[in-house]
Amino acid sequence: MTYEGLAGKVAVVTGGAQGIGAAIVRALVNQGATVAAVDCNETFVEKPPQSLAENEETVHRFKCDVTEKESVDHLIQTIETTVGPIDILVNVAGILKIGAIHELSTEDWHATFATNTTALFYISQAISRFMITRQDGVIVTVGSNAAYIPRMNMSAYAASKAAATMFSKCLGLELAQHNIRCNSVSPGSTDTPMQRNMWKDDNGGQRVINGNEQEYRTGIPLKRIAEPTDIADAVLFLVSEKSRHITMHDIRIDGGATLGV
């Protein structure tokens with residue numbers, strides 16, 4: 001499928017080294033966009049483990065810790081100067097720290113919010129200033145369906161993603177007057193390194209699909225775990241002209257796991 005209005009655009013994708021971020025980078029490049037892929041993984045920049053897209057020359061890799069405001073401001077200025085005026089921002093970078101609330105460390109709590117929430121503010125603020133000047137732009141944030149339903153041992157992650165989803169809506173409300181649309185997508189269980197790190201064995205995926213009554217998880221009604229491309233397809237729609245009248249919206253992509261709550 002061809003998405004209108006993406007050819008020739010400059011997009012920034014955080015967390016672009018793997019998983020959902022890498023899938024979004026590939027999807028955007030395949031639609032003719034030039035992508036600045038941002039990640040804190042130094043190996044990703046200096047010695048890419050694998051090609052991100054067929055048109056590799058249109059992918060520019062940048063190392064940045066998006067939890068550091070000065071680094072983010074410098075990064076965005078560099079991209080604007082060396083790659084081109086930024087038309088699209090996709091916030092993907094995120095971390096997951098698991099643990100019961102009474103056992104979760106203070107460091108894990110702060111690290112989760114620094115990456116999943118505060119970093120959104122830093123990079124969205126930096127890029128939206130340029131977008132406001134041009135009176136055009138699109139921002140999409142990758143949240144989580146954990147923002148909609150309590151999860152055992154995932155309090156920091158769920159709370160940070162709920163904050164990210166609401167931040168996206170507030171951002172969209174404020175920037176609408178400048179012709180800048182802001183939306184989010186909320187994936188459920190997706191076949192990424194983050195997801196697989198939670199599996200204890202080769203049957204981990206099936207257990208996610210089946211659910212766990214003791215942990216109040218209903219499972220996935222569509223009986224499959226999402227692929228990163230499922231998320232990337234939704235992002236393409238939201239950054240394209242096909243969604244030109246959609247802002248402050250969230251699309252949940254979880255196979256029905258949260259039962260439409």
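Can you tell me which condition Arg134 does not meet? The list is (1) touching a residue at least 12 places away in the same chain (Cβ under 8 Å); (2) surrounded by fewer than 20 Cβ atoms within 10 Å (Cβ to Cβ); (3) within 21 Å of the chain's Cα centre (by Cα); (4) within 30 Å of Thr81 (Cα to Cα), and all the others hold.
All conditions pass for Arg134, except number (3).
In region 209-223, what count of residues is obtained for those that are touching a helix residue (DSSP H, G or I) at 6+ places or on another chain (Cβ under 7 Å) and either within 21 Å of Val12 (Cα to Cα) or surrounded by 14 or more Cβ atoms within 10 Å (Cβ to Cβ) (or both)?
2
Every residue in region 1-23 that is small (Gly, Ala, Ser) and not in a loop (DSSP other than H, G, I, E, B), please.
Of everything in region 1-23, those that are small (Gly, Ala, Ser) and not in a loop (DSSP other than H, G, I, E, B) turn out to be Ala11, Gly19, Gly21, Ala22, Ala23.
Which residues, taken from region 147-157, are surrounded by fewer than 22 Cβ atoms within 10 Å (Cβ to Cβ) and part of a helix (DSSP H, G or I)?
Ser155
Would you point out which residue out of Ser144, Ser160, Ser128 is crowded, with 19+ Cβ neighbours inside 10 Å, in contact with a Cys (Cβ under 9 Å, 6 or more places away or on another chain) and either among the basic types (Lys, Arg) or touching a residue at least 24 places away in the same chain (Cβ under 8 Å) (or both)?
Ser128
Using the structure shown, decide if Leu175 is at pLDDT 95 or above, in contact with a Leu (Cβ under 9 Å, 6 or more places away or on another chain) and of a type outside the set (Phe, Trp, Tyr).
No; evaluated as a whole, the condition is false for this residue.
Scan region 67-82 and report the pairs whose first residue is under 30 Å from Glu107 (Cβ atoms) and whose second residue is polar (S, T, N, Q) and surrounded by 17 or more Cβ atoms within 10 Å (Cβ to Cβ), with Cβ atoms within less than 6 Å and a gap of 6+ or a chain change.
So the pair list comes out as Thr67/Thr115.
Tally up the residues in region 163-206 that are buried (at least 19 other Cβ atoms within 10 Å of the Cβ), charged (D, E, K, R) and in a helix (DSSP H, G or I), please.
Residues in region 163-206 being buried (at least 19 other Cβ atoms within 10 Å of the Cβ), charged (D, E, K, R) and in a helix (DSSP H, G or I): 0 in total.
For the condition more than 30 Å from Glu215 (Cα to Cα), in contact with a Pro (Cβ under 9 Å, 6 or more places away or on another chain) and of a type in the set (Ser, Thr, Tyr), what is the one hit in Thr67, Thr43?
Thr43
With (1) in contact with a Lys or Arg (Cβ under 8 Å, 6 or more places away or on another chain); (2) buried (at least 19 other Cβ atoms within 10 Å of the Cβ); (3) closer than 20 Å to Ser71 by Cα as the list, and Ile86 as the residue in question, which single condition is left unmet?
Single failed check for Ile86: (1).
Take region 61-113 and flag every residue that is among the basic types (Lys, Arg) and not in a loop (DSSP other than H, G, I, E, B).
Answer for region 61-113, where residues must be among the basic types (Lys, Arg) and not in a loop (DSSP other than H, G, I, E, B): Arg61, Lys63, Lys69.
Select from region 21-39 the residues that are touching a residue at least 60 places away in the same chain (Cβ under 8 Å) and β-branched (Val, Ile, Thr) and list them in ascending order.
Correct list: Ile24 only.
Could you say whether any residue in region 95-105 is at pLDDT 95 or above, surrounded by fewer than 16 Cβ atoms within 10 Å (Cβ to Cβ) and among the acidic types (Asp, Glu)?
yes
Taking region 114-146, which residues are of a type in the set (Val, Ile, Thr), within 28 Å of Ile225 (Cβ to Cβ) and in a helix (DSSP H, G or I)?
The answer is Thr115, Thr117.
Please list, ordered by first then second residue, the pairs with beta carbon atoms under 9 Å, 6 or more apart or interchain, first in region 186-199 and without any contact (Cβ under 8 Å) to a residue 60 or more places away in the chain, second assigned to a loop (DSSP other than H, G, I, E, B) and not hydrophobic (A, V, I, L, M, F, W, C).
Close Cβ pairs (under 9 Å, with a partner that is assigned to a loop (DSSP other than H, G, I, E, B) and not hydrophobic (A, V, I, L, M, F, W, C)) amount to Asp191/Glu227; Gln195/Ser189.
The values are calculated or read from the model by the stated rules, or taken from the named source; none is laboratory data. Since we're looking at a predicted model, the values are computed, not measured. Virtual Cβ from ideal backbone geometry, glycine too; neighbours counted across all protein chains shown.
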